[in-house]
Amino acid sequence: MKQSLQLRTSQHLALTPQLQQSIRLLQLSTLELHQELEQLLTDNPLLERLDDPLDHSLRLLADGAISQQAPAGEAPAEGPPGEAPAAEADNYEAPGADTESTTPDADMDWGDSGRSKNNDDEESRPQLEAHHCTLREHLMEQMRVTVLETRDRALVELIIDALDENGYLEEALEEIHARLPEELEVEIEELQTALKLLQSFDPMGVGARNASECLAIQIRRLPGVPMVTRRMALAIVENHLTWFAQRDFNKLKKTLLCDDEDLREAQAVIRQCNPHPGAAFASDVSDYVVPDVIVKKSRNGWQVSLNNDVMPRLRVNAMYANLLKQGKGEGAMGAQLQEAKWLIKNMRQRFDTILRVAQAIVERQKNFFSHGAVAMRPLVLREIADTLGLHESTISRVTTQKYMLTPHGMFELKYFFGSHVATEAGGEASSTAIRALIVQLTGAEDPKNPLSDSKIADMLGEQGMVIARRTVAKYREALKIPPVSLRKSL
């Protein structure tokens with residue numbers, strides 16, 4: 001085949017670096033956004049942050065006094081909180097070299113400039129976290145004051161090191177004994193004695209090898225329990241714990257030859273026990289969600305506002321901008337200046353889009369804010385996208401990992417979107433509202449005669465909501481509501 005050169009004209013869409021950055025910033029969560037911002041501040045010297053928490057840290061002056069003032073030369077940004085700059089990035093001009101204040105113009109500064117500064121001494125001091133005592137440290141402290149012999153201490157410490165995070169000894173004593181060197185001449189009976197000693201420590205139930213033994217240890221040590229009730233509770237956890245977990249009370253009464261009152265008293269004793277005695281010493285750190293928008297009730301209805309605490313205040317460094325204006329800067333700094341202006345503009349656009357989407361959601365879900373989840377109406381991404389003139393994928397990015405603080409609690413923006421279920425009147429009911437009704441029905445049911453999935457479906461049908469039993473079961477499992485057999489009580 002003969003080779004040749006041909007020219008063709010075609011059209012295609014290309015994402016500019018500015019647009020790519022705008023899309024990436026829009027889909028980031030608040031935590032990811034601040035992590036991304038810290039990296040950009042490190043890479044670009046022309047970009048600086050006005051709300052740096054270190055700006056108002058304690059400083060030691062030359063005369064030995066302690067100052068909590070901001071660094072010299074810094075002035076608060078002008079303009080009301082959250083007001084977007086009027087000038088575009090292309091119209092950016094750096095302040096003159098003879099300007100004493102480094103206050104930027106409208107294009108260089110963006111964010112909450114009117115945030116009040118609390119100079120209270122109590123809040124200005126760094127808060128030190130208290131030392132967290134682990135389960136091992138708690139047990140070792142008890143062992144030091146209880147066990148005197150060095151050999152016994154070593155055996156108890158060996159078993160302590162074998163405990164899991166819940167305080168259970170999952171490894172058999174025979175396996176621990178097999179790992180020990182023969183020259184130590186440790187007998188299995190010594191390990192059993194050390195385990196018994198460990199099981200007498202606090203918290204009650206530590207060192208148990210299964211849930212049955214853990215509950216039995218605690219029941220034996222509970223004070224003020226009648227002997228008959230204690231024996232019945234021990235019989236249940238040692239021999240019939242599966243029936244008790246499945247709430248098969250008829251089998252328990254028939255096997256134990258007791259009535260409802262006796263079984264109810266034994267059940268109350270078992271419920272005082274903790275099946276995970278070591279969980280209280282876990283070092284899991286709770287994750288806190290910070291809202292992006294806040295909804296409050298006012299005279300004019302429900303008002304939506306951005307959370308100023310998560311909005312970074314950015315500006316272009318005035319000194320470098322002056323050097324570039326005077327032609328003294330390097331060529332690479334010109335590109336960094338453009339990147340800084342792009343970032344400020346894209347950051348402003350990100351929060352503006354979040355606010356617009358949140359306002360559109362609140363406008364369509366007014367009944368939810370007034371009456372709760374049972375009044376939620378069906379809503380899809382397409383409806384918000386058509387209203388705001390945005391693409392559906394943009395709405396999806398905005399509503400992912402963005403949170404709204406409401407009088408009913410904290411919710412992800414995606415929470416307000418849901419499928420619909422047909423009603424007998426020809427209308428639609430939101431799946432979120434149906435789940436809220438299921439919670440209400442199961443919460444108000446008779447514990448001795450709980451509602452089955454079929455009964456719940458019939459009750460929803462009486463309210464005009466056509467829903468199948470398997471759909472009720474799916475919603476119930478999503479809400480982590482146990483089945484009817486596990487909700488039954490004496």
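Amide H contacts of ASN307 (H built 1.01 Å from N, in plane; Pro and chain starts excluded): VAL293, ILE294 sit under 5 Å, all sequence-distant by 5 or more or on other chains.
Here's how it looks for GLY418: its modeled amide H is under 5 Å from those of LEU379, which are all 5 or more places away or on a different chain. The charge dipole of the range 420-489, taken about the Cα centre with unit charges on the Cβ atoms of Lys, Arg (+1) and Asp, Glu (-1), comes to about 400 debye, rounded to the nearest 20.
Annotation for the range 281-382: chymotrypsin sites (Phe, Trp or Tyr not before Pro) lying in DSSP loop with at most 11 further Cβ atoms inside 10 Å of their Cβ are TYR288.
Is the shape of the range 420-489 best called rounded, prolate or oblate, per the rule: a/c under 1.5 gives rounded, else a/b larger than b/c gives prolate, else oblate, with a ≥ b ≥ c the square roots of the Cα gyration tensor eigenvalues? The shape class here is prolate. Residues in the range 482-488 carry Karplus couplings, in order, of x, x, 4, 5, 8, 9, 7 Hz; the curve used is 6.51 cos²θ - 1.76 cosθ + 1.60 with θ = phi - 60°, and Gly or Pro positions show x. Of the GluC sites (Glu not before Pro) found in the range 330-377, those that fall in a DSSP loop while having at most 11 other beta-carbon atoms within 10 Å are GLU330. The alpha carbon gyration tensor of the range 135-272 gives principal lengths a ≥ b ≥ c with a/c of 1.5 or higher and a/b greater than b/c, which makes the shape prolate. Phi angles of the range 293-306 translate, via the Karplus equation with coefficients 6.51, -1.76, 1.60 and θ = phi - 60°, into HN-Hα couplings of 10, 10, 10, 10, 8, 9, 5, 8, x, 7, 10, 10, 9, 6 Hz per residue; Gly and Pro are given as x.
In whole percent, what relative contact order does the range 135-272 give with Cα contacts below 8 Å and a gap of six or more residues? Present the calculation step by step, with values, prior to reporting the outcome.
Values: 120 pairs, mean separation 24.2, N = 138.
Result for the range 135-272 is 18 percent.
Placing unit charges on the Cβ atoms of the charged side chains and taking the dipole of the range 420-489 about its Cα centre, the candidate lying farthest along the positive direction among ALA429, GLN440, PRO482 is PRO482. Neighbours of VAL225 by Cβ distance under 11 Å: Lys/Arg scored +1, Asp/Glu scored -1, total +3.
Starting from the Cα gyration tensor of the range 239-293, take the square roots of the eigenvalues, sort them a ≥ b ≥ c, and report rounded, prolate or oblate (rounded when a/c is under 1.5, otherwise prolate if a/b is larger than b/c, else oblate). Cα axes put the range 239-293 in the prolate bin.
Values quoted throughout were computed directly from the atomic coordinates according to the rules given, and no laboratory measurement underlies them. Since the structure is predicted, the reported quantities are computational estimates derived from the model, not experimental observations. Positions of Cβ are generated from backbone atoms using ideal geometry, with glycine treated the same way; all protein chains shown enter the neighbour counts.
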